[in-house]
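A short reminder: the numbers here are calculations on the coordinates, not readings from a lab. All values reported here derive from a predicted model rather than from experimental measurement. Positions of Cβ are backbone-derived with ideal geometry, glycine not excepted, and every protein chain shown enters the neighbour counts.
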Amino acid sequence: MTAANDSALGLDAVKSPGGRILKFVLYALLLLVFAGPLLALLVSAFNDVSDPTALSVVPSSPTLDNFGIAFDLGVGMYLLNSFLVVGFGLLLQVVISVLAGYALARKKFRFMTFVLVAILATLMLPEEILAIPLSLILSDLPVVHLNLIGSLAGMIVPLGAWAFSILVMTEFMKDVPRELEEAARIDGAGDLRIFAQIILPMCKPALGVIGVFGFTMIWDQYLLPLLVSTDASTYTLPLALRTLRIDTNVTPGVIMAASLLALLPSVAAFLFFQRSFVRGLASGALKG
């Protein structure tokens, strides 16, 4: 049995000089593999880079011109579109997830198992399979018969229901003690009050989990904006990065600057939800 302070690789137990050198080399390689691309992105965004083979992790000619050129090419508008889509899309997704999770976790109804299987099945379907049906539905929205193609609303509405968020909220709400709900009913509380004042506050860790994953999923969407957008005015930043990359007049430094702008919101979202996210993962591990 290894000591309690051993690492997963058993390297902390190595005391010989050769073992320490090996440990240092392995750690350096791991750092290079995982942090190297991010460091190259950061450095290149502030470097005057014209050759894609000249990307480096060492600053050579620092400049802010890359960001100025990127904004001149419309990156500011694409960034705003992305924030609008992720803001309204995540809000809609959270609302639908908590309501659906409450219904699946605390209510009993016919075909509930079928509904859960159907929700789970959507996670197993590649986005490419849903592309054509989704584009047909968005071009003629059922019941209201609206055409959402070419609008930001067409990117927001399909994001409202995500199986992952619904299942996470369902499992967390199942573990809320039913005694609390029964005591509230004895005091005369209805379903809405029980949901808002008892169930939902106890699911804050789950809200952090679906907040981080939901934000990342929506922010990184590429296929959906590609299906919905008809002109550059509705491009989101991930979609715009493709157009910048194939433009021969755009230097790699400008592309790196735009990529850095696309990366920062995801990092900020994780830091914002970090406490709830970690608590949510820890709660899930303890329950498992």
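Some points to look at:
- Search result, residues across region 178-211 that are without any contact (Cβ under 8 Å) to a residue 40 or more places away in the chain, within 18 Å of VAL95 (Cβ to Cβ) and not aliphatic (A, V, I, L, M): ASP191, ARG193, GLN197, PRO201
- Elements of type helices (runs of 4 or more DSSP H) contained in region 171-227, each with 1 or more residues being closer than 30 Å to SER259 by Cα: 204-219
- Residue in region 165-177 that is free of Cβ contacts under 8 Å to residues at least 12 places away in the same chain and surrounded by fewer than 16 Cβ atoms within 10 Å (Cβ to Cβ) present: yes
- Flag if VAL157 is part of a helix (DSSP H, G or I), more than 18 Å from LEU90 (Cα to Cα) and β-branched (Val, Ile, Thr): no
- Scope region 135-150; condition in contact (Cβ under 8 Å) with a residue 24 or more places away in the chain and part of a helix (DSSP H, G or I); matching residues: SER135, LEU138
- Unmet criterion (only one of (1) of a type in the set (Val, Ile, Thr); (2) crowded, with 18+ Cβ neighbours inside 10 Å; (3) within 30 Å of THR230 (Cα to Cα)) for VAL98: (3)
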